[in-house]
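The values are calculated or read from the model by the stated rules, or taken from the named source; none is laboratory data. Remember, predicted model here, so these are calculated numbers, not experimental data. Note that we place each Cβ from the backbone using ideal geometry, even for glycine, and neighbour counts take in every protein chain shown. In case anyone asks, the SASA skips ligands and DNA or RNA and just uses the protein heavy atoms, side chains included. Shrake-Rupley method; radii C 1.70, N 1.55, O 1.52, S 1.80 Å.
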Amino acid sequence: MTLLLTPMIALTFLNSLLLWGVPLASVPLIIHILNRRRFKTVHWAAMEYLLRAFKENKRKMRFEQLLLLLLRMAAVALLAFFLARPNASSDDLGGLTRRVLHHLVVLDDSASMGERFGNTSCFDQARQQVASIAKGLGERRGGDLFTLLRTSSDKPDFLCRPVAQSLATDLTDILRAARPSPDHFDLAVTVDRARTAVQKVLPPEVEETRIYLISDLRKADLIGEGKGGGLSQDAIKKLRSFNWDKTRLDVLRVGNSAHENLAITSIKRKEARSVRGQPSHFLITVQNQGARGTGEGEISFSLDGGTTIKRPLPSLGPGTQHTETFKVDMSRAGSHYVQATIAKDRLAFDDARSLAFPVAESASVLLVDGDPGENEFKAESYYMATALDADEDGRDGFLVSKIDEHQFGDRDLEGYDLVILANVATLPKEDIARLEKYVAAGGGLMLWTGDQVDATLWNQGFWKDGKGLLPAPLLEIAGDLDQPDPLVLVDADHPIFAVSKELIGQLLSFVRVGRYHSVGDKNGGLAEGQVPENSKVLIRAGRENGAPILIERSFGDGRVALFTTAADAAWSSFPGDHAYALVLRESASYLMRTEDLSPFNLAPRGNFTKEIPVADFDRDVVVGPVKGDGRDVIPERHVVATMPSAGSEFMTVSLDPEGGRPWPASGVYRVDLSRQGGDKSTDYFTVDSYPKEGLTAVVEQQDFLNGLPGEIQEKTRWHDTAQVAQAGFLSDEGEIWRYLAFVLIGFLLLETFLAWKFGHG
């Protein structure tokens, strides 16, 4: 209800129904009239004198009674106004309610805000609350300042904008276009951005800053995993940067604390890199991030948006996960992507995940032969080179370069994905140091022993008391060629064998090994056949606890595998068996330098960079969503490749999200490059939301408030969804009931004093 008192004053009432109590102001008048009717006129001689005196003071008494009557009627009317809670704009009542406030609205637009509830979502509710705040301020707080900052944005959408009745209308386009981003909500970062932006332009006449935090308040955002119930210390530190004598915080939680969410949390490639002509295996992990169990479902998987492969997904209990492996044959080199999806639920952003990756023409292998033999057929490396690169052209996925140990010092190891030493007697110290540096930086190393290997020299150069490359120290040559032992797969779940463990296990049982180097360290506490704790035995000779034949370990960022037997047929039947090529190729794929896929799979604010030859490509580049991804929030845009300098052979394509914000949505993005001849070349990169965004736990009111320092807790108010929907938190913006309370008390005190004075006058 609105009451126009003058052309300049407009009052609204938050409890307008209570204005019906205003007529009660007539009660004192009615009581007065009724009391007058009770008197009877009785003539009494003794009273004649007093009556004469009364008549002389009648006018004065009527004035006193009228004054008391008006005060009592005004007190009742004021009480009704007081209960109706009148509200005046900032310009009303001659500036009586005028205080210039700064209203800072922080809108959480992290990925979890996309959670849906029927026909609405957390973010829809949040947008409605921003609109409600803007409307309420426009009606009640004209002349104040307004700032809107989305948590994923570096800069506010509105910065210290003067409040007017058009504020809600001005926000319409921004709110309509806004939607949840792939980014997560970092309260410390958001508060710091807001403070930095505001302090530069906030005028000194602002008396108070009111912060409205509108969020689903996910623990993963505000607290993080494994911490207590309160806000992070970084967030509290940033909040304390405000002057809390002149700051107030309103927390507006949206959503209804859902307890169900099934999410794809990761896609990983098993192989160190993908090579044309070789299969790649992708591990898809699905986790129940909710508090309730799920039913059975289905996982869908595709390469480059093509044919979809579907697998059943078992039911999962709260917090449990399931990993499914998909195999893809890579027939073409270049840029590719895979996608995995599950049925959409209320939180759809994590029901799909993608991985972009390059496929190389071949992996580069440096094979160092310690016993080249009289001809290539008698070389130590003959079987190995044939298994990896039969035609010596890389078409089998591995391009092998064969050298002898004397040529090793001339090779730059950075150009190879894997180095293999086959029956190499030893290497100079400087070459061993280069090899250690190469493996520590992520390179792969495969070692085969043989009759040229001197255990003492290998232990000195490669073992180094456990600090070197060797997975285990060597002892003497053991075994019997006349009574060879079969091979036993003892760690079938290791990544080398995980995909084909049944087949490899069966094939190895037909292999016979007559000689091998035993391992152990008599002086270092390792009995014969034992390996250090940081090494794993994958294959043994003869039985489950037999002599180790294949041992694997990590070294820095790289990996090393040691075969304690020879690579040729001198010590075993291994090279002539089908298991040889299978184990060798799987081992090579596992050991080779792991390709860093982060340049192709970006965080929400990541940058994609690619160098392209000037002679082959035009400078115009188009960026957009892949076909069929259905993402109208990913608009196509054109960029121009940059030339580092005049005459450069390469130019750089550099792609960043625009406007100080993250990429508009998670998913697969294509980068179309134009060749000089008119053909197109397409690269892919992905943007994915943070995996923990799907965790459903929220920060409850008591935990939130208890986690705040005392000076902030006193200035913090918590609002539930119903209060927010009615903009009830704005109820004291421009209210004048406090002033009416003082006036009412003043009237009552004045009435009491006058009644006493008149009664004793």
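Here Val251 meets each of (1) open to solvent by 10 Å² or more (accessible area, probe 1.4 Å); (2) over 22 Å from Tyr669 (Cα atoms); (3) assigned to a strand (DSSP E or B); (4) in contact with a Phe, Trp or Tyr (Cβ under 9 Å, 6 or more places away or on another chain) with one exception, condition (1).
The residues in the range 113-130 that are open to solvent by 40 Å² or more (accessible area, probe 1.4 Å) and touching a residue at least 40 places away in the same chain (Cβ under 8 Å) can be counted, and the count is 3. Only one of the listed residues (Ile214, Ile236) is farther than 30 Å from Ser315 by Cα, in a strand (DSSP E or B) and open to solvent by less than 20 Å² (accessible area, probe 1.4 Å). That residue is Ile214. For the range 521-542, a residue qualifies if it is in contact with a helix residue (DSSP H, G or I) (Cβ under 9 Å, 6 or more places away or on another chain) and acidic (Asp, Glu), and exactly one does: Asp521.
In the set Ser681, Ser648, Ser689, which member is closer than 30 Å to Arg619 by Cβ, open to solvent by less than 50 Å² (accessible area, probe 1.4 Å) and at pLDDT below 90?
So the residue among Ser681, Ser648, Ser689 that is closer than 30 Å to Arg619 by Cβ, open to solvent by less than 50 Å² (accessible area, probe 1.4 Å) and at pLDDT below 90 is Ser648.
With respect to being under 30 Å from Thr294 (Cβ atoms) and part of a helix (DSSP H, G or I), Ala197 falls outside the description. For Pro635, indicate whether it is assigned to a loop (DSSP other than H, G, I, E, B), of a type outside the set (Gly, Ala, Ser) and surrounded by fewer than 17 Cβ atoms within 10 Å (Cβ to Cβ). Spelling it out, Pro635 is indeed assigned to a loop (DSSP other than H, G, I, E, B), of a type outside the set (Gly, Ala, Ser) and surrounded by fewer than 17 Cβ atoms within 10 Å (Cβ to Cβ).
Taking the criterion of being among the hydroxyl-bearing types (Ser, Thr, Tyr) and crowded, with 18+ Cβ neighbours inside 10 Å, the residues of the range 507-551 that qualify are Tyr516, Ser518, Ser535.
Against the numbered list (1) over 27 Å from Gly306 (Cβ atoms); (2) among the hydroxyl-bearing types (Ser, Thr, Tyr); (3) surrounded by fewer than 18 Cβ atoms within 10 Å (Cβ to Cβ), Ser572 comes up short only at (3). Counting only strands (runs of 3 or more DSSP E) wholly contained in the range 295-388, the ones carrying 2 or more residues that are open to solvent by 50 Å² or more (accessible area, probe 1.4 Å), modelled with pLDDT of 90 or more and under 25 Å from Asn261 (Cβ atoms) occupy 308-313, 321-329.
Looking at the range 660-678, which of its residues are open to solvent by 70 Å² or more (accessible area, probe 1.4 Å) and part of a loop (DSSP other than H, G, I, E, B)? Listed by number, the residues that qualify are Gln676, Gly677. Would you confirm, using the coordinates I've provided, whether Ser589 is under 30 Å from Ser518 (Cβ atoms), within 38 Å of the chain's Cα centre (by Cα), open to solvent by less than 30 Å² (accessible area, probe 1.4 Å) and among the hydroxyl-bearing types (Ser, Thr, Tyr)? When the stated conditions are applied, Ser589 passes them.
Whenever a residue of the range 398-411 is aliphatic (A, V, I, L, M), its partners that are part of a strand (DSSP E or B), lying with C-beta atoms within less than 6 angstrom and at least six residues away or across chains, give the pairs Leu399/Ser364; Val400/Val365; Val400/Leu367; Ile403/Val368.
Going by the structure shown, is Lys627 open to solvent by 50 Å² or more (accessible area, probe 1.4 Å), of a type in the set (Lys, Arg) and either over 24 Å from Pro604 (Cβ atoms) or not in a loop (DSSP other than H, G, I, E, B) (or both)? Here the answer is no, as Lys627 does not meet what is asked. Looking at this structure, is Val189 open to solvent by 30 Å² or more (accessible area, probe 1.4 Å), among the β-branched types (Val, Ile, Thr) and in a helix (DSSP H, G or I)? So Val189 passes the test.
Across the range 132-150, the qualifying residues are those that are surrounded by 17 or more Cβ atoms within 10 Å (Cβ to Cβ) and among the small types (Gly, Ala, Ser), and the one among them that is farthest from Pro604 (Cα to Cα) is Gly142. Of all residue pairs spaced 6 or more apart or on separate chains, those with beta-carbon atoms under 6 Å, a first member in the range 151-179 that is open to solvent by 90 Å² or more (accessible area, probe 1.4 Å) and a second member that is in a loop (DSSP other than H, G, I, E, B) are Lys155/Gly660. Out of Thr594, Thr565, one residue alone is assigned to a loop (DSSP other than H, G, I, E, B), at pLDDT 95 or above and buried (at least 16 other Cβ atoms within 10 Å of the Cβ). It is Thr565. Among the residues of the range 260-316, those that are in contact with a Lys or Arg (Cβ under 9 Å, 6 or more places away or on another chain) and of a type in the set (S, T, N, Q) comprise Asn261, Thr265, Ser266, Gln278, Ser280, Thr285, Gln289, Ser300.
The listed residues are Asp389, Asp345, Asp350, and the only one of them that is touching a helix residue (DSSP H, G or I) at 6+ places or on another chain (Cβ under 8 Å) and not aliphatic (A, V, I, L, M) turns out to be Asp350.
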